[in-house]
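The values are calculated or read from the model by the stated rules, or taken from the named source; none is laboratory data. On a predicted model such as this, the values are computed, not experimentally measured, just so you know. With ideal geometry, Cβ positions are generated from the backbone for all residues, glycine too; neighbour counts draw on all protein chains shown. Just the protein is used for accessible areas: all its heavy atoms, side chains included, with ligands, DNA and RNA removed. Shrake-Rupley method; radii C 1.70, N 1.55, O 1.52, S 1.80 Å.
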Amino acid sequence: MVRRPVAWIVAVVLFAEALGVAALNWFMGIVVDRQDMSLAGMDPGVMSTSSKIGGIVFGLYFALCGVVAVLVALRDRAPAGLGRVLLISVAVVHGLLGALAWGLLGVPQFVFMVVVLTLIVLLLMTYDAGRQPAAPDPAPEPEDGKGDGGGSPVIPPPAPTTP
């Protein structure tokens, strides 16, 4: 039974984003290579190669964050250590991409980035709220002073002190 489907949703979105970012950068690298134009004297081959490498690196980054979300979903507990750092960093990246999308692309792209950011933050906050204390609180003793015999030992009141 899936109790918290948000981790699965985040994983699917991050994997789709990884493929989309890698494919888009690869396509941009091919376009730059075929146009054979330079930008401020830069070599078109270097621009093409750097675009392809950047797409692969960011695609792998988003895919790794998707793997962390899958592990969170499978284990049904909050991410810890490097996984938590990765999810926080991908949330920051989506915040920055959302700000750039608002200024450069438009409102629909901004809304998409904010929705993904919201899902990632929801993933982090939902599993943090589910943490339980290490040891349960002991049951209170009845007021008549007669316990069940198996409870905690009776502790006498502190001795009075003289000033």
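The set of residues in region 25-73 being of a type in the set (S, T, Y) and closer than 27 Å to R4 by Cα consists of Y61 alone.
Each residue in region 45-60 was checked for being in contact (Cβ under 8 Å) with a residue 24 or more places away in the chain and open to solvent by 50 Å² or more (accessible area, probe 1.4 Å), and 3 of them qualify. Residues that are more than 22 Å from V116 (Cβ to Cβ) and not β-branched (V, I, T) number at least 2 in the following helices (runs of 4 or more DSSP H) confined to region 1-104: 6-35, 44-75. Count of region 23-44 residues, restricted to those that are open to solvent by less than 30 Å² (accessible area, probe 1.4 Å) and either small (G, A, S) or without any contact (Cβ under 8 Å) to a residue 12 or more places away in the chain (or both), is 1.
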